[in-house]
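To keep things clear, I will list the structure first and then write my remarks on it.
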Amino acid sequence: MLYGICPLSVVPVRAEANDRSEMVTQLLYGDHFEVIETQSKWIKIRIAFDGYEGWLDKKQAFEIDESKFKVLKDKHRYSTDLLSLMTTATSQLMPVCIGSALHATSFLDHQFEGATNQGFSKHDLVETAMLYLNSPYLWGGKSPFGIDCSGFTQMVYKISGIPLFRDASQQAKQGQALSFIEESEPGDLAFFDNEEGNIIHVGIMMRDNYIIHAHGHVRIDRIDHSGIFNVDTGRYSHNLRVIKTIV
């Protein structure tokens, strides 16, 4: 079995081994993974953090052995600045974004100076979420330069050291459901479904019946028992299915 680390700021993970294929998620700096299939220019990977699978360009990976992979397993130190600088082994500067995994720097011979996460408080979830405000929506994205709804919630929780699955439908299977919206606390997750009853959207609850979520961009809207009320259009944009507390 082969293993690897992402040595670059943000790289795409695709559905197929092709540059034109759909981007299903991204790796941020320091994310580590197993290699489960190899082609001439591509590797199929399973991301250690959430088990998500997809194809990665070989040139965008740094190979490590199993012992290093195991060392990284229980490390949870992440950058908390929207953008920081990393110094490479050749003294070049490389930008890394919020949520980058810093425990891999020693294996990559890189040096980081910037803010990192300092343990967990549920109050921190909303504060972290606000850092992504106005980030543009990007299918498969996980950075402040482009992020989707479940990538947004996953990254906010990740920075607090709490693992969430990658997709909204997967995240909806985690945690404990609340009976009423009034029971929710800031940081809880709200899930929304379509006409077929499939979970298609997720956001983070705030105080006073507000929600922050990625829809066009990361934005704040009203939420009630029916769903999300878009403050710009004056219409409901998403149908509420369930609110869950994860922590």
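Approximating the spin labels as points 7 Å out from Cα along Cα→Cβ, the residue 198-to-residue 21 distance works out to 2.0 nm. For residue 76, the solvent-accessible surface with a 1.4 Å probe is about 90 Å², rounded to the nearest 10. Distance between the pseudo-spin-label points of residue 232 and residue 41 (7 Å out from Cα toward the beta carbon): 3.7 nm. Sparse packing (at most 15 other Cβ atoms within 10 Å of the Cβ) combined with a DSSP loop state is found for the following GluC sites (Glu not before Pro) in the stretch 151-200: 195, 196.
Think of each Lys and Arg Cβ as +1 and each Asp and Glu Cβ as -1; about the Cα centre, that makes the dipole of the chain roughly 380 debye. As an exercise, identify the trypsin sites (Lys or Arg not before Pro) in the stretch 22-101 lying in DSSP coil whose Cβ has no more than 15 other Cβ atoms within 10 Å. Listed in order of number, the matching sites are 41, 73, 75. For the chain, what does the helix formula give at 222 nm: sum of -39500 (n - 2.57) over DSSP H segments with n ≥ 4, over the residue count, nearest 500 deg cm²/dmol? -3500 deg cm²/dmol, from helical runs alone. Spatially, the stretch 11-87 and the stretch 188-246 are offset by 30 Å when compared through their Cα centroids.
Net charge of the neighbourhood of residue 93, taken over other residues with C-beta under 15 Å away and scored Lys/Arg +1, Asp/Glu -1, is -3. Estimated from the Cβ-Cβ distance and a Förster radius of 41 angstrom, the FRET efficiency linking residue 127 and residue 67 is about 0.65. Cross-link partners of residue 75 among lysines, defined as those whose alpha carbon lies under 16 angstrom from its own and excluding same-chain residues fewer than eight positions apart: 158.
For residue 135, the shell of other residues with beta-carbons less than 13 Å away shows a net charge of +1, using +1 for Lys and Arg and -1 for Asp and Glu. Do any chymotrypsin sites (Phe, Trp or Tyr not before Pro) in the stretch 67-157 lie in a DSSP loop with no more than 14 other beta carbon atoms within 10 Å, and if so, which? Qualifying residues, ordered by number: 139, 145.
Taking only Cα atoms, what is the 0 to 90° angle, nearest 10, from helix 122-131's long axis to the longest principal axis of the chain? Once rounded, one gets 80 degrees. Other residues whose C-beta falls under 14 angstrom from the C-beta of residue 220 contribute a net charge of -1, scoring Lys and Arg +1 and Asp and Glu -1. For the stretch 122-245, a crude dipole built from +1 on the beta carbon of Lys and Arg and -1 on the beta carbon of Asp and Glu, taken about the Cα centre, is about 320 debye to the nearest 20. Surface analysis of the chain yields an accessible area of 48 Å² per residue, using protein heavy atoms and a 1.4 Å probe. Ignoring lysines fewer than eight residues from residue 59 along the same chain, the ones with Cα atoms less than 16 angstrom from its Cα are 41, 44.
Positive end of the dipole of the stretch 2-112 (Cβ unit charges, origin at the Cα centre): among 13, 28, 106, the Cα lying farthest that way belongs to 106.
Dipole magnitude for the stretch 2-112: computed about the Cα centre from +1 point charges on Lys and Arg Cβ and -1 point charges on Asp and Glu Cβ, it is near 100 debye.
Computed from backbone phi, the HN-Hα couplings of the stretch 4-9 come to x, 10, 7, x, 10, 4 Hz, rounded to whole numbers (Karplus: 6.51 cos²θ - 1.76 cosθ + 1.60, θ = phi - 60°; Gly and Pro given as x).
Sequentially through the stretch 162-177, phi angles give Karplus couplings (6.51, -1.76, 1.60; θ = phi - 60°) of 10, x, 10, 5, 7, 9, 4, 5, 6, 4, 5, 8, 9, x, 10, 6 Hz, Gly and Pro residues having no value and appearing as x. Helix 149-159 and the long axis of the chain differ in direction by around 60°, with both axes built from C-alpha atoms.
Per atom type, the chain shows carbon and sulfur on 48% of its accessible surface, probed at 1.4 Å.
The values are calculated or read from the model by the stated rules, or taken from the named source; none is laboratory data. As the structure is a prediction and not an experimental result, all values here were calculated from the model. Quick reminder, even Gly has a Cβ in these numbers, built from the backbone with ideal geometry, and neighbours come from all protein chains shown. Surface accessibility is based on the protein's heavy atoms, side chains included, excluding ligands, DNA and RNA. Shrake-Rupley method; radii C 1.70, N 1.55, O 1.52, S 1.80 Å.
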